[in-house]
1. Answer with yes or no whether VAL79 is in a strand (DSSP E or B), under 15 Å from the mean Cα position of the chain (by Cα), over 27 Å from LEU192 (Cα atoms) and not charged (D, E, K, R).
2. Taking the criterion of being more than 18 Å from LYS111 (Cα to Cα) and in contact with an Asp or Glu (Cβ under 7 Å, 6 or more places away or on another chain), would at least one residue in the stretch 64-81 satisfy it?
3. Could you list, in sequence order, all residues of the stretch 45-71 that are polar (S, T, N, Q) and not in a helix (DSSP H, G or I)?
4. Select, from ILE81, ILE121, ILE145, ILE103, the only residue that is within 30 Å of GLY180 (Cα to Cα) and either of a type in the set (A, V, I, L, M) or at pLDDT 90 or above (or both).
5. Given the residues VAL152, VAL131, VAL164, which is the only one that is in contact with a helix residue (DSSP H, G or I) (Cβ under 8 Å, 6 or more places away or on another chain) and under 26 Å from VAL51 (Cβ atoms)?
6. Would you call ASP130 closer than 22 Å to ALA93 by Cβ, without any contact (Cβ under 8 Å) to a residue 40 or more places away in the chain and among the acidic types (Asp, Glu)?
7. Out of the residues in the stretch 22-37 that are at pLDDT below 90 and part of a helix (DSSP H, G or I), which is surrounded by the fewest Cβ atoms within 10 Å (Cβ to Cβ)?
8. Could you run through the stretch 1-53 and say how many residues are farther than 16 Å from ILE78 by Cα, among the β-branched types (Val, Ile, Thr) and within 23 Å of the chain's Cα centre (by Cα)?
Amino acid sequence: MKTTTLLIIEGRHAEIPSFAMDLQKKGFDVHLIPNGTQAISRIKQLSPSLVVINAASLRSTGLRIVQSIREHDSKLPIVLIIGAKKELDKEAADSVLNLPFTIQKLVNRIKPLLPGDGKNILHVGPIRLDVEHRRVRCLGKNTKITPRLVTVLNILMDKHGEVVEREALFKKAWETNYTGDTRTLDVHISWLRQAIELDPDNPKFLKTIRGVGYRLDV
């Protein structure tokens, strides 16, 4: 099995724990750099599966480093570690962790963000759908969904930016020509919003186009 490569950006401060060695013991191929300045060049060299930014050890929020990495590769998962009393928007990275925590908790945050074999991973904007494992990740949320929800989201991702008519979506997702009652579709759309939206009542991505259908904006 191929070893997963992690890039860890971590400073050296005695009062802030280091996670590089512990992650190496967990079987990851860990590459440690001391600051964000070297991040992009190292990412180009290593093509890591994920970046861990220990912002607490850098005495910063880590947001500039996140932004720099996002500009280079918007799909690269980022785990951001911040101080115990710090507060950041959940959108700051794919996962944000406040100190203190165990190494196992960090591993548990990392694993769902890692790519699969590439054949069953769909990625549109911030939305990442693992078809095989039926998991969707968006803005730090990682949710297991039903096979039907996978199908509905797959269709919407394939047509992102376009309006998908209600009846057409229902027919394709439920593999039926009967469209007499599509209320169950509304329920599934609601569940999808719970999975991908930070505020499901005010969706940013999955929009309802009144009288027509739905559109995935990313």
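1. Judged against the criteria, VAL79 is not a match.
2. Within the stretch 64-81 (the criterion being more than 18 Å from LYS111 (Cα to Cα) and in contact with an Asp or Glu (Cβ under 7 Å, 6 or more places away or on another chain)), the answer is no, since none of the residues qualifies.
3. Selection gives SER47, SER49, ASN54, SER60, THR61.
4. ILE145
5. Numbers: VAL152 fails: under 26 Å from VAL51 (Cβ atoms); VAL164 fails: under 26 Å from VAL51 (Cβ atoms).
Going through VAL152, VAL131, VAL164 in turn, just one is in contact with a helix residue (DSSP H, G or I) (Cβ under 8 Å, 6 or more places away or on another chain) and under 26 Å from VAL51 (Cβ atoms): VAL131.
6. For ASP130, the condition - closer than 22 Å to ALA93 by Cβ, without any contact (Cβ under 8 Å) to a residue 40 or more places away in the chain and among the acidic types (Asp, Glu) - is met.
7. Among those residues, the one meeting the criterion is THR37.
8. The qualifying residues number 1.
The values are calculated or read from the model by the stated rules, or taken from the named source; none is laboratory data. The model shown is predicted, which means the values in this text are computed figures rather than measured ones. We place every Cβ from the backbone using ideal geometry, glycine too, and count neighbours over all the protein chains shown.
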